[in-house]
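**Student:** One structure coming up, written as C-alpha cells, with questions to follow.
The values are calculated or read from the model by the stated rules, or taken from the named source; none is laboratory data. In this text the structure is predicted, and so the values were computed from the model without any measurement. Counting neighbours? That spans all protein chains shown, and the Cβs are built from the backbone with ideal geometry, glycine included. Accessible surface areas use protein heavy atoms only, side chains included; no ligands, DNA or RNA. Shrake-Rupley method; radii C 1.70, N 1.55, O 1.52, S 1.80 Å.
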Amino acid sequence: MMLIGIDPHKSTHTATAVDPETNRDLASIRIDVTLQDYQRMLDWALQWPERRWAVENARGLGHHLTSWLLARGEQVVDVAPSATARVRQLSRGAGRKNDRIDAAAAACVAALQGDARPVRPESSTDALALLDERRSNLAQSRVRAVNQLHALLRALLPGGAPRDLSAAKAEQLLDTVIPVGSAELTRHALAADLIAEIRTWDVKLKDNAKAMAALVAESESGLTDTPGIGAVTAARLLGRTGNPTRFPTASSFAQYAGTAPIEIASADHARHRLSRRGDRQLNAALHTIAITQIRMPGTRGHTYYQAKLSEGKTPREAQRCLKRRLADHVWRTMISDERRRTQTTGPGRQPGATTSSSAAGPTPTTDSSDKSLPGPAEPEPTPTPQPA
C-alpha cells in the first residue's frame with residue numbers, strides 16, 4: 001500500500017508518495033486549496049490502486065481536505081505535527097525543512113504506525129463538541145455582561161445588587177433608580193443595554209441546551225442514566241472524548257481526563273501527586289458529576305465517598321477518588337454504547353475497543369484501585385443497578 005503524506009497550509013497543500021517498505025520519496029504534487037485541485041490530486045494518486053493518506057494536523061489546517069477524502073471512501077490517518085518533527089530531525093538532511101519533506105515525514109510516521117490515528121467521518125460527537133465550545137463562549141459572554149452590570153448597579157443603588165442576579169431582577173432594581181445628572185443617565189442607559197444583552201445570552205443558552213439534548217437523545221447514550229449527568233454534561237463528555245475506542249483502557253482515559261494520579265517513585269519510596277494535565281474541560285465535567293453525587297444521599301457515588309471518609313481520607317482526597325472511579329464508569333459506558341451501535345449498524349463502522357470490560361452501573365463501585373493503573377484494565381462484571 002502506498003502512503004501519501006500531506007503537509008497542509010492555508011492556501012496550498014503538498015502531497016508526497018512514500019514507499020512504506022523503503023521510506024523513499026517517489027513523487028510529489030503541490031496544489032492550491034480548491035475543489036478543482038483536490039480532484040487533480042486525487043487523480044494523481046489513482047496511479048496507486050492501494051493507498052492511504054497521512055495528513056498532518058487533520059483536525060486543523062487539513063480538516064477540509066480530510067473530510068473531502070473521507071467522503072470519497074479514502075483511508076486517512078491523522079499525524080501530529082510533533083511526530084513529523086521528530087521524524088524530520090532523525091532523518092538525513094541536516095534538519096532541512098520544506099513542504100515536501102514535511103509531507104514525506106507524515107507518511108513515514110504512518111508507515112511506522114506510531115503516532116498516526118485513523119480518521120473517521122464526522123458524527124454526532126463532533127457536533128456536540130461544536131455545541132459545547134459555543135456554550136462555553138456564550139457563558140463567558142454572559143458572565144462578562146453580568147459583571148459589568150453589577151459594577152453599574154453598585155454606583156446606582158445603595159449596596160449594589162445581589163450576586164445571583166437575573167435579567168428580570170436587574171430590570172426591577174433599575175426601575176427604582178431615578179438618575180440625576182449626565183453620568184447617572186449614562187450608567188442607567190448602559191445598564192438597560194446590558195440587561196437586554198443578558199436576555200439574549202439566556203435565550204441562546206437555552207437553545208444551545210435544547211440542541212445538545214436532541215443530539216444526546218439521538219445518540220442513545222447511556223450516560224444520562226447516571227445520577228448527576230444531564231444532557232449538557234453528557235454532551236461535554238461525548239464531545240470532548242470523541243471516539244472512546246481510541247483509549248485502550250479506562251486508565252488511559254482517566255489519564256487523558258486528568259483524574260489519574262501521577263506516580264513519583266525513586267528507589268523504595270513512592271508517592272502520588274495530583275495531575276494538572278489532561279483535558280481540563282473534561283476534568284471539570286467529572287468534577288461536577290462527583291460534587292452532585294456527593295450531595296445526593298442514596299446514590300452509590302455518595303456511598304463510595306462516605307466509605308473513603310471512613311477509611312481516614314480527607315474530603316478532598318475522597319472526592320478525587322470518586323472522580324477517578326467516575327472516569328472509569330464514563331469510559332465503560334461510552335465503550336458499551338459504541339459496541340451496541342457497531343452491532344446494530346453492521347461492519348461499516350469502526351470496531352469497538354479490544355478490552356472485554358462492560359459498562360458499569362449508574363455509579364462507580366468501591367472495589368477498584370484509587371491509583372492510576374499501569375497496565376490493561378481487568379474485566380469487571382456489570383454490577384447490579386441500585387436505585388439512585
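**Student:** What is the distance, in nm, between label points placed 7 Å from the Cα along the Cα-to-Cβ direction at Gln343 and at His188?
**Tutor:** Computed distance between label sites Gln343 and His188 equals 6.8 nm.
**Student:** What percentages make up the Cα-Cα pair-distance distribution of region 232-348 when the bins are 10 Å wide from 0?
**Tutor:** Whole-percent P(r) values from 0 Å outward: 13, 39, 32, 13, 3, 0.
**Student:** Let me ask something else. Using a 1.4 Å probe, how large is the accessible area of Ser123, given in Å² and rounded to the nearest 10?
**Tutor:** Its heavy atoms expose roughly 50 Å² to the probe.
**Student:** Quick one: how many Å² of Glu74 are accessible to a 1.4 Å probe, rounded to 10?
**Tutor:** Approximately 30 Å² for this residue.
**Student:** For Trp68 and Lys97 in the same chain, what is the full-extension length gain: residue separation times 0.36 nm, less their Cα-Cα distance, in nm?
**Tutor:** Numbers: separation 29, 0.36 × 29 = 10.44 nm, distance 2.71 nm.
Additional length available on full extension: 7.7 nm.
**Student:** Follow-up question, since we're still on this one. Carbon-plus-sulfur fraction of the accessible area of region 1-78, 1.4 Å probe, in percent?
**Tutor:** Within region 1-78, the accessible surface is 48 percent carbon and sulfur.
**Student:** Still on this structure, please answer the following. Considering only protein heavy atoms, what is the solvent-accessible area of Lys323 at a probe of 1.4 Å, reported in Å² to the nearest 10?
**Tutor:** So the heavy atoms of Lys323 present about 30 Å² to solvent.
**Student:** Using a 1.4 Å probe, what is the accessible area per residue for region 147-196, in Å²?
**Tutor:** Details: 3090 Å² over 50 residues.
Accessible area per residue, region 147-196: 62 Å².
**Student:** What's the extension gain from Thr22 to Ser266 if we count 0.36 nm per residue and subtract their Cα-Cα distance?
**Tutor:** Details: separation 244, 0.36 × 244 = 87.84 nm, distance 4.19 nm.
Fully extending the segment from Thr22 to Ser266 adds 83.7 nm.
**Student:** Rolling a 1.4 angstrom probe over the protein heavy atoms, how many square angstrom per residue are accessible across region 21-78? If you can, show how the numbers build up before the last one.
**Tutor:** Details: 3240 Å² over 58 residues.
Ligands and nucleic acids excluded, the figure is 56 Å² per residue.
**Student:** Mind checking the per residue accessible area of region 216-322 for me, 1.4 Å probe, whole number of Å²?
**Tutor:** Details: 5260 Å² over 107 residues.
Result: 49 Å² per residue.
**Student:** Which semi-axes, in whole Å and largest first, does the equivalent ellipsoid of region 1-64 have when worked out from the alpha carbon gyration tensor as the square roots of 5 times its eigenvalues?
**Tutor:** Values: eigenvalues 75, 35, 19 Å².
In descending order, the three semi-axes are 19, 13, 10 Å.
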